[in-house]
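Note sheet for the following structure.
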């Protein structure tokens, strides 16, 4: 069989593509960091974990039925690729993104009610007690094979005046890990910040409550480098980008996620790259498509050679 110059060039390009895909899978692509950094984690009413990319408007299940009961309060540790959350039974659980394992730590937070909000920052799981002005920092111990709660430090937030329409129910919280600033959206739409360098004395209201309607609260998550704050409404599955300076929410046109008929119960942070199986499938599909086109072209060229 005769191989033409064009065919050899295509084979070389295919080899280059394969090498590039291997490198991307191993190390990620810094050139695409802004796009890849938007892989957020969410959980639905059925307890399944999803990976959602609002920038690309994609969403995929990564762990079906991760929780047997309603779950909330997601917080993602980007460096260790572990997702923490609580369920209706008040169990504190951790899902390992690399191995796919799920570990139940029991009521390690000693909570009496589901927090309904959480975020991860500096080796700790941060959350407000249910319907209170107390912010908790659960410092985690990584000495064993499974993380454990080493200690819990509580901060009473001064100046919040969380009564009436300003009741501190959620909604959600998210932490700008670059600046150490916590942002919160209550169920009635109040948007505020707390500086984690001095949580007790740094409360700042950014946007006032919308009133008694509890449908205004958003689930929150920053992207991987904390450059974009995303909001998601459980009631209708809509998505937004949020201006942290004034709380203004701009809807992402055409992007609605309603697994099981409603949106995600909570969001919990972002990964820099997609979940490994999702990435591998995309890479295989791309390589396969290129290979098929090259094979078709080579057959056509070989027929021309035989005719000549």
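The values are calculated or read from the model by the stated rules, or taken from the named source; none is laboratory data. Model, not experiment: these values are computed from the prediction. Quick reminder, even Gly has a Cβ in these numbers, built from the backbone with ideal geometry, and neighbours come from all protein chains shown.
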Residues located in the range 138-163, provided they are farther than 30 Å from residue 190 by Cβ, modelled with pLDDT of 95 or more and either in contact with a helix residue (DSSP H, G or I) (Cβ under 8 Å, 6 or more places away or on another chain) or surrounded by 13 or more Cβ atoms within 10 Å (Cβ to Cβ) (or both): 142, 147, 148, 150
Qualifying positions in the range 218-243 - within 18 Å of the chain's Cα centre (by Cα) and more than 17 Å from residue 38 (Cα to Cα): 218, 233, 234, 237
Selection count where residues are under 16 Å from residue 170 (Cβ atoms) and outside any strand (DSSP E or B), scope the range 215-252: 8
First in the range 210-223 and not assigned by TED's automatic domain parsing to the domain that holds residue 192 and surrounded by fewer than 24 Cβ atoms within 10 Å (Cβ to Cβ), second anywhere and at pLDDT below 95 and in a strand (DSSP E or B), Cβ under 8 Å, 6 or more apart: none
Test: residue in the range 112-124 that is surrounded by fewer than 17 Cβ atoms within 10 Å (Cβ to Cβ), assigned by TED's automatic domain parsing to the domain that holds residue 192, modelled with pLDDT of 95 or more and out of contact with any helix residue (DSSP H, G or I) (no Cβ under 6 Å at 6 or more places or on another chain): yes
One residue from 255, 264 being assigned to a strand (DSSP E or B), over 18 Å from residue 226 (Cβ atoms) and either modelled with pLDDT under 95 or touching a strand residue (DSSP E or B) at 6+ places or on another chain (Cβ under 6 Å) (or both): 255
